[in-house]
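For reference, the structure discussed in these notes is given below.
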Amino acid sequence: MSEDKSNPWLNWPGNPFNLAQQASDYWIDAAQRSVLFMDVLRQRGDERNHRAEQTAPHVLTFAFDVVMDGRHLERPVNYGLLHIQQPDGVQPDPTKRPFIVFDPRAGHGPGIGGMKHDSEIGVVLKAGHPCYFVGFTPHPVPGQTIEDVCRAEAQFIARVAELHPHADGKPALIGNCQAGWQIMMTSALNPDLVGPLVLAGAPLSYWAGVRGKNPLRYLGGILGGTWMTALAGDLGNGIFDGAQLVENFEKMNPSNTLWSKNYNVYSKIDTEAQRFLDFEKWWGNPVLLNAGEMQYIADSLFVGNRLSDAALLDSAGHRIDLRNVKSPIVVFCSWGDDITPPQQALGWVLDLYEDDAALVAGGQTIIYSMHQSIGHLGIFVSASVANKEHEEFTAAMDMIDIMPPGLYEAVFLDKDEEMLQAEIAAGDLAAGDYVMRFERRNLDALRALGGNDVADERRFATVARVSEINKGLYQTLLSPVVKSLVTETSAEHLREAHPLRMRYTAFSSKNPLLNHIPALAEKVRAERRPVAKDNVFMQLQEAWSKQIVESLDRYRDLRDQLTESTFLGVYGSPLLQSLVGLSTDGGKPRRIGRDIAREAAVTAHRAAAALLTKEGGTTEAIIRGLLYIFRSPEMSAADERAFAAMRQLRLRTTDDKEMSVTVLKRILREQYVMLQLNEAAALADLPLLLPEEPEARATALSIVRQVAGATGTLTGDAAARLERIADIFGPAAPKLAVVNGKKKGG
């Protein structure tokens, strides 16, 4: 019915003729959308069936070369090291440090870190760094363990370092989700091998969280511990099905799993189909783990929480202590992440360090950034995150590598007019649309995020002990029976019957009822008649969808509340806690064990550094002077512009070579310790490092002024500290671009 503008009544929504036309338009559109949606589901199922037949399916959108195949190592694993090729064919800068992106093996297939060109891999390549990727195949090598994977990752990292002998800095590692705790374990066992670590959405403190949120942490207690993990491994004939992990993620948000994800495609079939299919390539191909691997993860991490307690040992008896990591650690998390909330991403710091002095004395640099809303998967796949947070972290990696020990928060500042004008005057000291600052924080900032009290800690400790009891009973009484009944054929049938796989198989070309769908969908596309958005029936459909989502969300909230109250009630029972052997004094149920050897090494290093206040040359003097200024309360933040200014001025080593990041890091750490232990002695001995020539001293002072003032005019105590350094260095002189770092001008 054509619109008649001369008669408004005909166009009135309540007009029965108008409603009839809208109804007709809507039902044609709905029928067409239904056919197209069924075809999308068929394509998804066919894609899943095709990928299930491949040896190493992945969703990487970048070309690559295989550098090392973990299946050929002495202790074989189903991991491999890939070299990512530059899309434009331009070779990366050989002097820039390589990056290695580690993919999470948490049930899903490999490739999430390079699923899009606007991704972690894409950002690294765009910045001109060599880039590598560590992925895996769907089937584990029989007998491989988590320790074997750590050992393989160490060999991968060493190989990358060998391939880039001229790189200015050790390889930087990016670990997504599960891969984050994996590379932390690897780095704790091989602290001299790695460069800075970026942990994206990676859980390290599994008990942490707040009441009313984070219900996944209660799952181990509700299931009675990890005995069901052992049962699943037995039913799989020694294999744990990653589909069960994916199912746990999906259960957390039933409205999205049961309705929103599919409805979004159905309602926007003309624009959302390809995005949906691309994502399902990764989501719909769960991988397998050895039962022993999954049992280790469940016992040691999910329920035992032993990683942040420094309670894990490798097969040689070496403690896996995260305090041994020497490289800076960047923790990127989000308030919108319901899989790894900020408390689980950062709680390990509070577990391992009693106070800020212990963190600094341990020489550990930890930088965190908390996004306000992005979800767990968005941390890895969101283009907006890749083009802001990951891009800034990549660009600032050399600066991160030299940061003094302590806790910092990464803050991203939009460039305002004042910053842009300053850049014109001083040169581009901060590329991109943002300026990154690292603002010093104390451990109270992490405590303010919320977390467990002593009573909650006792509840989770009770779960860990109940888990050990139940697992022992299962392995003694039931496991032999289950294993005797299971065959490889029955295990395979059980995996194929999992609902996650069945929904793909049912909606694929293997279902003869869908044989007519491709031809029908082709016809519909040729005759497509999408309905107007203001169609009253389309609006009713949207309202109905919102009601379904709200109902499922209410169910989720009630379920989570019941889960939490059950957990708190059962595991808060003093009787149960006593029965499993927890003391009744009400004290904290766990205490981090001391590592005397590590503490002795740290103490010896600091003592040796304190004796070097008279050693060094002009470069050491400049760095000591800058650190003294930046110790001012007004200078509690490190800014990338100051670092860029320092690099542009090209500090030199004592043999007149341009200073590398590695050497700069060593000098900066030494000078920082000197100031921290005895600031008065460090300043008193500072003149001994300066050259005798007034012009050289003035040039050094000019560099101090330029770097200290790169972020703006100094005020208060910072200005007073600068003047004190000026008095020590001597009178000002014209600026020079290069400083000869030879002591006493020689």
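The values are calculated or read from the model by the stated rules, or taken from the named source; none is laboratory data. Quick caveat: nothing in here was measured; it's all calculated off a predicted structure. Here Cβ is always computed from backbone atoms with ideal geometry, including for glycine, and neighbour counts include all displayed protein chains. Just so you know, the surface numbers come from the protein's heavy atoms only, side chains and all, with ligands and any DNA or RNA stripped out. Shrake-Rupley method; radii C 1.70, N 1.55, O 1.52, S 1.80 Å.
Among Thr715, Thr145, Thr699, the order of accessible area from largest down is Thr715, Thr145, Thr699, computed with a 1.4 Å probe on protein heavy atoms.
For Met115, the accessible area of its heavy atoms, probed at 1.4 Å with every protein chain present, is near 30 square angstrom.
Spatially, region 458-474 and region 247-271 are offset by 35 Å when compared through their Cα centroids. Which entries of Lys251/Lys533; Lys326/Lys388; Lys213/Lys588; Lys126/Lys326 show an alpha-carbon separation above 30 angstrom in the structure shown? Those over the limit are Lys251/Lys533.
Against the longest alpha carbon principal axis of the chain, how many degrees, from 0 to 90 and to the nearest 10, is the axis of helix 146-163 turned? Between the helix axis and the principal axis of the chain, the angle is about 60 degrees. For region 316-421, chymotrypsin sites (Phe, Trp or Tyr not before Pro) are listed when DSSP marks them as loop and at most 15 other Cβ atoms sit within 10 Å of their Cβ; the list is Trp335. Just to be sure I understand, if you calculate Rg and Dmax of the Cα atoms in Å for this structure, which of (i) 35.7, 106; (ii) 29.7, 98; (iii) 25.0, 80 do you get? So the structure-derived entry is (ii). Annotation: amide H of Phe240 within the under-5 Å range of Leu289, Asn290, Ala291, sequence separation 5 or more or interchain, hydrogens built in the peptide plane. Among 29-42, 101-114, the peptide with the highest mean count of other Cβ atoms within 10 Å heads the list, and the full ranking is 101-114, 29-42. The residues of the chain expose on average 43 square angstrom of accessible surface per residue, using a 1.4 Å probe on protein heavy atoms.
Can you give the longest stretch of the chain with no exposed loop site, where a site means GluC sites (Glu not before Pro) in a DSSP loop (not H, G, I, E or B) with at most 16 other C-beta atoms within 10 Å? Walk me through the intermediate numbers first.
On the way: sites that count: Glu3, Glu53, Glu74, Glu354, Glu527, Glu615, Glu692.
The longest such stretch corresponds to 75-353.
Between the amide H of Val331 and those of Leu199, Ile367, Tyr368, Ser369, distances stay under 5 Å, these residues lying 5 or more places away or on another chain, with hydrogens modeled in the peptide plane. Selection among Ile623, Ile400, Thr603 by position relative to the dipole of the chain gives Thr603 as farthest towards the positive end (Cβ unit charges, Cα centre).
Putting +1 on Lys and Arg Cβ atoms and -1 on Asp and Glu Cβ atoms, find which of Phe62, Phe332, Leu219 reaches farthest to the positive end of the dipole of the chain. Projecting each Cα onto the dipole axis, the largest value belongs to Leu219.
Among 164-171, 91-98, how do they line up by average Cβ neighbours within 10 Å per residue, starting with the highest?
Working: 164-171: 18.5, 91-98: 16.6.
Ranked from most to least packed, the peptides come out as 164-171, 91-98.
Treating only the Cβ atoms of Lys and Arg (+1) and Asp and Glu (-1) as charged, compute the dipole magnitude of the chain about its Cα centre; round to the nearest 20 debye. Mind dumping the intermediate values first?
Numbers: 77 positive and 92 negative charges, 182 e Å.
With Lys and Arg at +1 and Asp and Glu at -1, about 880 debye.
Around the Cα centre of region 596-729, unit charges on the Cβ atoms of Lys, Arg, Asp and Glu (plus for the first two, minus for the last two) sum to a dipole of about 380 debye. The angle separating the long axis of helix 269-283 from the principal Cα axis of greatest extent in the chain is about 70 degrees.
Distances between placed amide hydrogens fall under 5 Å for Val67 paired with Leu81, Leu82, His83, all partners being 5 or more residues away or on another chain.
Ignoring ligands, DNA and RNA, please state the percent of accessible area on the chain from carbon and sulfur, probe 1.4 Å.
The nonpolar share, carbon plus sulfur, comes to 57 percent.
Accessible area of Lys510, 1.4 Å probe, to the nearest 10 Å²? Lys510 exposes around 140 Å² with every protein chain in place. For the chain, the longest principal axis of the Cα atoms and the long axis of helix 618-630 meet at an angle of about 60 degrees.
Taking every DSSP bridge with both residues inside the chain, close to 50 percent are antiparallel.
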